[in-house]
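Peer 1: Below: one structure in structure tokens.
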Amino acid sequence: MNHRNEWIIIGISGVTCGGKTSLANQLNMKLSPVYTFHQDKYFYPDDSPHHIKCENLDHNNYDILSALDMETMYKDICATIEGTDKSHYSSTHDGEHIFKIPNKKFLVIEGFTVLNYEPIMKLCNLSYYFVLEYGECFARRCLRVYEPPDVPGYFELCVWPEHLRYRQAIEKNPRVTILDGKTPNSLDIVMDNLKTIMEQKT
């Protein structure tokens with residue numbers, strides 16, 4: 001990609017209800033210019049033949065990579081890098097508290113398995129993965145409304161086991177910073193890393 005060096009790309013992944021979207025939204029307000037992608041926009045339709053049923057449940061397993069059109073997501077990201085904006089949010093703003101790096105644009109990619117998709121992982125300058133303990137994650141999930149809604153047993157049989165599987169793979173990657181979804185300092189951690197990048201370029 002000819003324009004890759006013009007970008008700082010931030011990947012945010014991890015457990016359901018862990019804080020991924022909240023962090024992405026905070027970065028949208030802090031960085032400029034910024035372009036953001038949400039993995040949830042790429043789920044295949046409910047009746048798609050790509051879906052796999054959960055074992056012992058008459059319900060699609062939405063917590064695996066094959067439930068999402070990752071190829072299209074990657075193509076949209078690459079198109080944005082090359083100058084055709086396919087992002088779900090973009091903004092160029094100024095202000096006293098806006099963070100910029102000269103001659104750089106920011107790309108934020110968030111979703112529960114974006115870092116498990118190798119082509120996206122390879123793009124990222126900074127990579128973060130949210131974790132939660134089982135009880136906290138389950139309690140937060142119960143407060144969310146999904147479409148289609150979770151069926152009884154879905155969290156226990158699909159959501160949590162799939163998270164552990166993807167998390168195990170991520171924890172082997174030294175490029176990924178693990179974030180505790182119960183602590184409020186995730187934005188500070190990302191901003192400190194971005195300031196380090198800026199210092200290296202000046």
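Peer 1: FRET efficiency for Ser66 and Glu199, Cβ-Cβ distance as r, R0 = 35 Å, nearest 0.05?
Peer 2: About 0.30, to the nearest 0.05.
Peer 1: Give me the percent of accessible area attributable to carbon and sulfur for the range 1-83, probe 1.4 angstrom.
Peer 2: In the range 1-83, the share of accessible area belonging to carbon and sulfur is 46 percent.
Peer 1: Per residue, how large is the accessible surface of the range 133-177? Use a 1.4 angstrom probe and give square angstrom.
Peer 2: 67 Å²
Peer 1: Any idea of Leu157's accessible area? Nearest 10 Å², probe 1.4 Å.
Peer 2: Number for this one is 90 Å².
Peer 1: Given the DSSP H assignment, sum -39500 (n - 2.57) over each helix run of at least 4 residues in the chain and divide by its residue total; what's the result at 222 nm in deg cm²/dmol, nearest 500?
Peer 2: Mean residue ellipticity at 222 nm (helix-derived): -9500 deg cm²/dmol.
Peer 1: List the trypsin sites (Lys or Arg not before Pro) within the range 107-194 that fall in a DSSP loop (any state other than H, G, I, E or B) and whose Cβ has at most 16 other Cβ atoms within 10 Å.
Peer 2: Answer in residue order: Arg144, Lys172, Arg175, Lys182.
Peer 1: Between the helical axis of 70-81 and the dominant principal axis of the chain, each derived from Cα atoms, what acute angle in degrees is found, rounded to the nearest 10?
Peer 2: For 70-81 against the chain, the angle is about 10 degrees.
Peer 1: Under the Kirkwood approximation applied to all pairs of distinct alpha-carbon atoms, what is the hydrodynamic radius of the range 86-202 in Å?
Peer 2: One decimal place: 16.9 Å for the Kirkwood radius.
Peer 1: For the chain, give the magnitude of the charge dipole about the Cα centre (Cβ charges: +1 Lys/Arg, -1 Asp/Glu; no others), in debye to the nearest 20.
Peer 2: Result for the chain is approximately 700 debye, rounded to the nearest 20.
Peer 1: For the range 49-113, what is the accessible area per residue in Å², given a 1.4 Å probe and the full set of protein chains?
Peer 2: Here the per-residue accessible area is 52 Å².
Peer 1: I'd like the Kirkwood hydrodynamic radius of the range 92-151, using the inverse of the mean 1/r over distinct C-alpha pairs, in Å.
Peer 2: Hydrodynamic radius (Kirkwood, Cα pairs) of the range 92-151 is 15.3 Å.
Peer 1: Still on this structure: Taking the Cα centre as origin and putting +1 on Lys and Arg beta-carbons and -1 on Asp and Glu beta-carbons, what dipole magnitude results for the range 29-133, to the nearest 20 debye?
Peer 2: Roughly 600 debye for the range 29-133.
Peer 1: May I pose another question? What does the charge add up to near Lys30, with Lys and Arg as +1, Asp and Glu as -1, over the other residues with Cβ less than 15 Å from its Cβ?
Peer 2: Taking every other residue near Lys30 into account, the sum is -1.
Peer 1: Still on this structure: Suppose the Debye formula is applied to equal point scatterers at every Cα of the range 1-100; what is log10 I(q)/I(0) at q = 0.13, 0.20 Å⁻¹?
Peer 2: Calculated log10 I(q)/I(0) at the listed q: -0.58, -1.09.
Peer 1: Mind sorting out which of (1) 17.2, 56; (2) 16.2, 55; (3) 22.6, 69 is the real Rg and Dmax of the Cα atoms in Å computed from the coordinates?
Peer 2: Correct label, based on the coordinates given: (1).
Peer 1: In the range 123-202, what GluC sites (Glu not before Pro) fall in a loop by DSSP, with at most 14 other Cβ atoms inside 10 Å?
Peer 2: Sparse-neighbourhood loop GluC sites (Glu not before Pro): Glu133, Glu171.
The values are calculated or read from the model by the stated rules, or taken from the named source; none is laboratory data. Everything quoted here is computed from the prediction, not taken from an experiment. Note: ideal-geometry Cβ built from the backbone for every residue, glycine included; neighbour counts use all protein chains shown. Only protein heavy atoms, including side chains, enter the accessible area calculation; ligands, DNA and RNA are left aside. Shrake-Rupley method; radii C 1.70, N 1.55, O 1.52, S 1.80 Å.
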